[in-house]
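Working notes, beginning with the structure itself.
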Amino acid sequence: MFSKFHKIFDSFTKLERQVFQGASIVFAFSIFLNGVNLFYQTTVLTPISGGTYTEGVVGQPIAINPLIAGSNDIDRDLIEVVFSDLTELADSAKVNDDHRVWTVTLKNGLAWSDGEPITADDVVFTLETMQDPDAHSPSFAAWHGVIAERMSEREVRFTLKTPYAFFLDNLKEFKVVPRHIFGTIPTANLRLSDYNFEPIGNGPYVFSSYTKRKDGFITDYTFTANPHFAGTETLIKELKFKFFADYQEAIEAFNHRAIDGLGGISVYDLPDIKIGHQTVEFNIPRYYAVFLNPGTSLPLREKAVRVAFDAATDREKLRAVALKGYGQPIGGPLYPGIEGYDAAIGTGARFSLETAERTLEDAGWKRGDDGVRRKRVEKDDFRLAFDMIVPDIDFLIEATKILEEDWKTIGVAVNRIVRSPTEITNDVIKTRNYQMLVFGNILKANPDVFSFWHSSEKFRPGLNLSFYENKKADALLESIRKDFDTVSRTDDVALLQEIIHADKPAIFLFSPNYLYLTPKNLGGIPRELLESPANRFAHIADWYLKTARSFK
């Protein structure tokens, strides 16, 4: 056969041979392309297990223990990958007819990362330890008055003093700890346990090792996929955390590919990123506002003054300049997307310096020789001049510069006082000693904003930073918490927004997005509303670095 073909080929002229060879190449290449095309048409990219992911973190862990972990973001990050919440461990969570008793049934065959079984005893132990004053647990207030009872090895009953419509959300934040590890430790000694740094958990990852310098600085943590995890198989088999003293050091490590991910980066640091990456933007239900304290300034008690401040606040400019576009304007006490949020109310008043000036003029506030408006109130002369305390954070300083300029245009003088966030939390908020305070409210993914706006929360440890008091708003805040009917609750939420928006106890500004840098090949990250930065790891078991094609 080959001999005959060779004779035929030899009989071709030189030109015929060239044409034949060219046609053969084209034919072979066409077959190859058709084969490749057929392969891609009949297969899909599928995530596969494998790989190591290294997260860069600025700061230090204090305790990887849900019982005692506080506001330290690093602890929350590590807890999220090591511990599952109660709803992830549960087969079901049901409430009785009077909405005071919740019954949670655990899944079959649950185990801790050391192989010990997870039972209802662990759940009851976790709650009772949080409620023990000797534990000094940051979760004490959230679970105060709740009773947990073991009904069987897999069943726990929670009894509430009063119905709470969003109790299921609390269960989603409830991280169960192992009774067989902490049950023999005196509660007052919990912070001394080595298990705070070498945790036994039930989440997608299990502790493997950590490295600490002689000066006590922890440089890295290594976790491996937990074979006892109750969820889907964890695809990335090894997870590492590297710790840095500041973002400059972390960014340098990212640029040298010493780390793969870096969260919480400032918009002002983005230009320093020099390598290819993807910037994942997460929405978090939080916002910043200028909280007004009428107890320290009589002019702030006048609604006309507050209305003028609101009209002279250019939220779109604040978003574009201070946040570099990475965020959204906020005009009310709720976050967009939360149940009952009314966009018509939440966007706030239209920016208009003319309206602001007219409002102040009509209220009797006249410009003095220095350009600042003044007025005689209750036998005393008052100027629209205020001290504004601002956290030492880049985008907040930039935002208040814009406010200062625009408010000066309408005859209001602002004296910015920049202080560290720690000072503000420990000193300013504790004593409520401020006229204007720029601060942030961190909400949940539900419309329960009781702690921020109810009159009973005006003083420490409450978070009503504007000393807001309105009987109708109080009644709505109380009703929203207890109403299990979504329709009527939504109506109440909308009305609450309307009342607070009309009273203007604070000048709402914006909500910055949480920025997370990752490599381009990282997949499986859901783009959903996060309750906290740590929740970016809520579905980390689904993350993947590697893919393979499989037939459809």
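Some notes on this structure:
- Checking Ile330, Ile389, Ile393 one by one, the residue that is hydrophobic (A, V, I, L, M, F, W, C), in contact with a Ser or Thr (Cβ under 9 Å, 6 or more places away or on another chain), under 30 Å from Lys444 (Cβ atoms) and without any contact (Cβ under 8 Å) to a residue 60 or more places away in the chain is Ile393 and no other.
- The single condition from (1) over 28 Å from the mean Cα position of the chain (by Cα); (2) within 27 Å of Arg489 (Cβ to Cβ) that Ser152 fails is (2).
- Under the condition of being touching a residue at least 40 places away in the same chain (Cβ under 8 Å) and either part of a loop (DSSP other than H, G, I, E, B) or out of contact with any strand residue (DSSP E or B) (no Cβ under 7 Å at 6 or more places or on another chain) (or both), the residues counted in the range 452-490 number 13.
- Residue match in the range 340-349 (condition: in contact (Cβ under 8 Å) with a residue 40 or more places away in the chain, in a loop (DSSP other than H, G, I, E, B) and in contact with a Pro (Cβ under 6 Å, 6 or more places away or on another chain)): yes
- Under the condition of being under 30 Å from Thr547 (Cα atoms) and either more than 19 Å from the chain's Cα centre (by Cα) or modelled with pLDDT under 95 (or both), the residues counted in the range 45-65 number 10.
- Verdict on Ile273 being surrounded by fewer than 19 Cβ atoms within 10 Å (Cβ to Cβ) and not small (Gly, Ala, Ser): yes
- Complete set of residues in the range 281-314 that are within 22 Å of Tyr434 (Cβ to Cβ), in a helix (DSSP H, G or I) and in contact (Cβ under 8 Å) with a residue 12 or more places away in the chain: Leu298, Pro299, Leu300, Lys303, Ala304, Val305, Arg306, Val307, Ala308, Phe309, Asp310
- Any hit, the range 143-150, residues being buried (at least 19 other Cβ atoms within 10 Å of the Cβ), over 17 Å from Gly70 (Cβ atoms) and assigned by TED's automatic domain parsing to the domain that holds Leu89: yes
- Within the range 334-362, the set of residues being at pLDDT 95 or above, of a type outside the set (S, T, N, Q) and surrounded by 22 or more Cβ atoms within 10 Å (Cβ to Cβ) comprises Ala356, Leu360.
- Residues of the range 448-463 that are surrounded by fewer than 21 Cβ atoms within 10 Å (Cβ to Cβ) and either within 21 Å of Asp169 (Cβ to Cβ) or not basic (Lys, Arg) (or both): Asp448, Phe450, Ser451, Ser455, Ser456, Glu457, Phe459, Pro461, Gly462, Leu463.
- As a summary of the residue check, Arg460 satisfies the conditions (1) assigned by TED's automatic domain parsing to the domain that holds Met436; (2) over 29 Å from Ala312 (Cβ atoms); (3) out of contact with any Lys or Arg (no Cβ under 8 Å at 6 or more places or on another chain) except for the one numbered (3).
- Exclusive hit being free of Cβ contacts under 8 Å to residues at least 60 places away in the same chain and out of contact with any Ser or Thr (no Cβ under 8 Å at 6 or more places or on another chain), set Lys317, Lys274: Lys274
- Checking Gly325, Gly337, Gly364, Gly332 one by one, the residue that is under 18 Å from Arg301 (Cα atoms), in the same structural domain as Asn293 (by TED's automatic domain parsing) and part of a loop (DSSP other than H, G, I, E, B) is Gly364 and no other.
The values are calculated or read from the model by the stated rules, or taken from the named source; none is laboratory data. Please read these numbers as outputs of a predicted model, since none were measured by experiment. As a convention, Cβ positions derive from the backbone with ideal geometry for all residues, glycine included, and neighbour counts pool all protein chains shown.
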